[in-house]
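The values are calculated or read from the model by the stated rules, or taken from the named source; none is laboratory data. Fair warning: this is a prediction, and the values are worked out from it, not measured in the lab. Methodologically, a virtual Cβ is constructed for each residue, glycine included, from the backbone with ideal geometry; neighbour enumeration extends over all protein chains shown. These accessible areas exclude ligands, DNA and RNA; they are computed on the full protein's heavy atoms, side chains included. Shrake-Rupley method; radii C 1.70, N 1.55, O 1.52, S 1.80 Å.
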Amino acid sequence: MSYPPIAGFMVLSAFIASFILGLSFFVAKLKPDGEKVSAYECGFDPFDDARARFDVRFYLVAILFIIFDLEVTFCFPWALTLFYSGLFGFYSIVFFLGLLTLGFVYEWQKGALDWE
Amino acid sequence: MFPFSVHSRFSYFSFFSNDLVSLLPEIFLVCCICLFLVHGVVFSKTGRILSTNVANLSILALVFVCILLCCSPGGNYLAAYSCFFEDDFIRIIKVFLLLTCIFCVTLSLFYIQLEKSNTFEYSVLLLISLFGIIAVLGANDFLSLYLGLELQALSFYTLAANVRVSEFATEAGLKYFVIGAVASGFYLFGASLLYGFTGCVRFSDFSLLLSHIAPAEVEGIFLAFFIFFSSFLFKVGAVPFHAWVPDVYEGTSLNVTAIFALLPKLALFGVITRLLFCYFFSLFDVWQFPFVLCAVFSFVWGSLAALGQGRIKRLLAYGGISHSGYLLFGVCSGTVYGAQGVVIYLLSYILSGVTIFCSLVGLRFSRVRYIADFAGLSLFSPGVAFAIAASLLSAAGIPPVVGFFGKLSIFLSALAGSLYVGALFGVLCSVISTFYYLRILRTIFFENGSRPLGAFFSFFGSYFSKELSFLVGFCAVLLFWIPINPRILFFISFYSSIGLIG
């Protein structure tokens, strides 16, 4: 396994990326104008501040999704090797799913699943 | 007749009945955690506040786990396909952990009632972190130690930000999270390098490998070992990695500070001692000098930085850094006296820590945040003043209190391990740290408070619940009683250190 070409590629890609960015940073003439730096809203004057409030419910839904998605991900290798692990493997996944079900009961009762 | 018989052609591993018996305390703890979580969340739907209920239940659960642990079959054994290991040393440290956790839940119970913090999840998170800590302590495998470490760390990040309305707590939680994540990254990097260079995943394999091959022949193992170990130094708060300790200890609420100060040090010094003495002892001449440097800088830094502190929690945090330094110094001696000294010092540290934190909880209404706020305490509450005096004298290491035996054992073991200069620095820093502990005592006993007597809003004095006052009294008296009859201390430490070596 030859590693030097990997190092060469890393250096080359870093150089190309920094060259492209650095070129626009150093060579471009900067003449900021009121119109140029304002927020873009399809050509209209900006109605409001572009920084809107972020509903934390979206973040909560994303976190819950990632937890249960990873639970399903863990079921995939289990499903492939269930024959070889037998009854012990079955009870292991039952325990794992049971623990995550407890977490599900907790978040349900806490109202994390109620949208509004 | 166990239902785990395997019928397939291949049986990679099974869960034997020995594993069930040996892991019974941990299994019981997990069942209790699940039960309390569901109980808390289902029964608080009706608007009931279950924080004290679940806290009392968790004390009960911890007492039962302790009983189960004491009834475990003795000897050394590997459990669960060599993922977990238990011997006398680990069992004794687990008993210390459980007792400390019971004390911490008792003090948080009262604190929860005072502060009207109505989340029952606090106790459940504490139990989950305790389970993670026990998993760290008994791990025989890189991955099982990492799982326990992460479980403990994640619960601690959440506990640090327990007071949701306080920016200090949020900041402390965030700082602890970022720094702890970096520490876990170091752990994984070091562990993967160690596995890559040696092919061993279990710790017991390391001792076998390194006793047959000279460590210098395994390329890269020194670097991997130091990266791996720096994660433990992070979590414990030793010197190159101590920056998070004062801010996190000060920002969190008092009950959580008590947990942070007491529980991780116990388990992590158990793990550090076990790893360094049992598994990586072949690398002794490589790790002794850098860890001695860490230890010396820890207690020098802890002693010097605490001199200028005016706030009590920050001062205790820097004191905690210097205690980590002394404990690491005892481990670095490489002798069995070092392991014995670590156990004695841990016991004295826990007793003094529990006493001081319980006293601070009892003084909650008096708004003691700065050292100057202690003035006149001996007139208003002589009992609390006595307890604080006992605790701080033990932390300083002054003779009629248990802390003296801890420091004595550590320094004698260092001399036995030929660490003369380090021991000299240790004694000097001990004297320096005595100054700021005695300054607090001077403020308590010899300064007149400027608080008006009888004014409506100036309640000064202590306010304890029955259990908390019993706990404070018990620990304070124990701090003075054990030196009168230290056989139990020496027996426990000797038994555990022999269990470590043998």
Given (1) touching a Phe, Trp or Tyr at 6+ places or on another chain (Cβ under 8 Å); (2) farther than 17 Å from B:Leu37 by Cβ; (3) among the polar types (S, T, N, Q), B:Thr100 misses just (1)
Given the structure, is B:Ser117 of a type in the set (S, T, N, Q), assigned to a helix (DSSP H, G or I) and surrounded by fewer than 22 Cβ atoms within 10 Å (Cβ to Cβ)? no
Name the pairs whose Cβ atoms lie under 8 Å apart, with the first residue in region B:242-271 and of a type in the set (Gly, Ala, Ser), the second not in a helix (DSSP H, G or I), and 6 or more positions between them or separate chains? B:Gly251/B:Ser166; B:Ser253/B:Ser117; B:Ser253/B:Asn162; B:Ser253/B:Val163; B:Ser253/B:Ser166
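With the structure loaded, tell me whether A:Tyr59 is at pLDDT below 95, surrounded by 11 or more Cβ atoms within 10 Å (Cβ to Cβ) and either within 13 Å of chain B (Cβ to nearest Cβ) or farther than 19 Å from B:Cys34 by Cα (or both) or whether it fails that test.
no
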If I ask for residues that are within 9 Å of chain A (Cβ to nearest Cβ) and not charged (D, E, K, R), which ones from region B:34-53 would you list? B:Cys34, B:Leu37, B:Val38, B:Gly40, B:Val41, B:Val42, B:Ser44
Residue tally, condition under 18 Å from the mean Cα position of the chain (by Cα) and surrounded by 21 or more Cβ atoms within 10 Å (Cβ to Cβ), over region B:132-152: 12
Being open to solvent by 10 Å² or more (accessible area, probe 1.4 Å) and either under 17 Å from B:Leu137 (Cβ atoms) or in contact with a Ser or Thr (Cβ under 8 Å, 6 or more places away or on another chain) (or both) is the filter here; which residues of region B:229-248 pass it? B:Lys235, B:Val239, B:Pro240, B:Phe241, B:His242
Apart from one, (1) assigned to a helix (DSSP H, G or I); (2) within 24 Å of the chain's Cα centre (by Cα) all hold for B:Asn162; the odd one out is (1)
Give, as residue ranges, the helices (runs of 4 or more DSSP H) completely inside region B:334-431 that count at least 3 residues that are farther than 17 Å from B:Phe464 by Cβ. B:336-362, B:382-396, B:402-416
So A:Phe90 clears everything in (1) of a type outside the set (Val, Ile, Thr); (2) under 25 Å from the mean Cα position of the chain (by Cα); (3) under 27 Å from B:Ile27 (Cα atoms) except one condition, right? Which one? (2)
For residues that are under 18 Å from B:Ala416 (Cβ atoms) and over 21 Å from the mean Cα position of the chain (by Cα), scanning just region B:288-314, find the one that is most open to solvent (accessible area, probe 1.4 Å). B:Phe289
Are any residues in region B:350-380 under 23 Å from the mean Cα position of the chain (by Cα) and closer than 13 Å to B:Ile444 by Cβ, and if so, which ones? B:Ile356, B:Ser359, B:Leu360
Please state which one of B:Ala261, B:Ala216, B:Ala267, B:Ala224 is more than 25 Å from B:Ile128 (Cα to Cα), at pLDDT 90 or above and part of a helix (DSSP H, G or I). B:Ala224
Tell me yes or no: at least one residue of region A:76-87 is of a type in the set (A, V, I, L, M), more than 12 Å from every other protein chain (Cβ to nearest Cβ) and part of a helix (DSSP H, G or I). yes
So in region A:90-116, with the set limited to residues that are within 9 Å of another protein chain (Cβ to nearest Cβ) and more than 30 Å from B:Gly47 (Cβ to Cβ), which one is most open to solvent (accessible area, probe 1.4 Å)? A:Tyr91
Exactly one of B:Phe64, B:Phe43, B:Phe110 is open to solvent by 10 Å² or more (accessible area, probe 1.4 Å) and closer than 23 Å to B:Gly362 by Cα, and that residue is B:Phe110
Tell me whether region B:15-26 contains one or more residues that are open to solvent by 60 Å² or more (accessible area, probe 1.4 Å), away from chain A (no Cβ under 13 Å), modelled with pLDDT of 80 or more and out of contact with any strand residue (DSSP E or B) (no Cβ under 7 Å at 6 or more places or on another chain). yes
Looking at region B:29-47 only, could you name the residues that are small (Gly, Ala, Ser) and modelled with pLDDT of 90 or more? B:Gly40
Tally of residues being among the aliphatic types (A, V, I, L, M), surrounded by 24 or more Cβ atoms within 10 Å (Cβ to Cβ) and within 26 Å of B:Leu293 (Cβ to Cβ) across region B:322-364: 8
Regarding region B:428-447, can at least one residue be identified that is open to solvent by 20 Å² or more (accessible area, probe 1.4 Å), of a type outside the set (A, V, I, L, M, F, W, C) and either in contact with a Phe, Trp or Tyr (Cβ under 6 Å, 6 or more places away or on another chain) or modelled with pLDDT under 90 (or both)? yes
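Have a look at B:Phe222, B:Phe186, B:Phe168 and point out the one that is within 22 Å of the chain's Cα centre (by Cα) and closer than 29 Å to B:Phe297 by Cα.
B:Phe186 is the lone residue from the list that is within 22 Å of the chain's Cα centre (by Cα) and closer than 29 Å to B:Phe297 by Cα.
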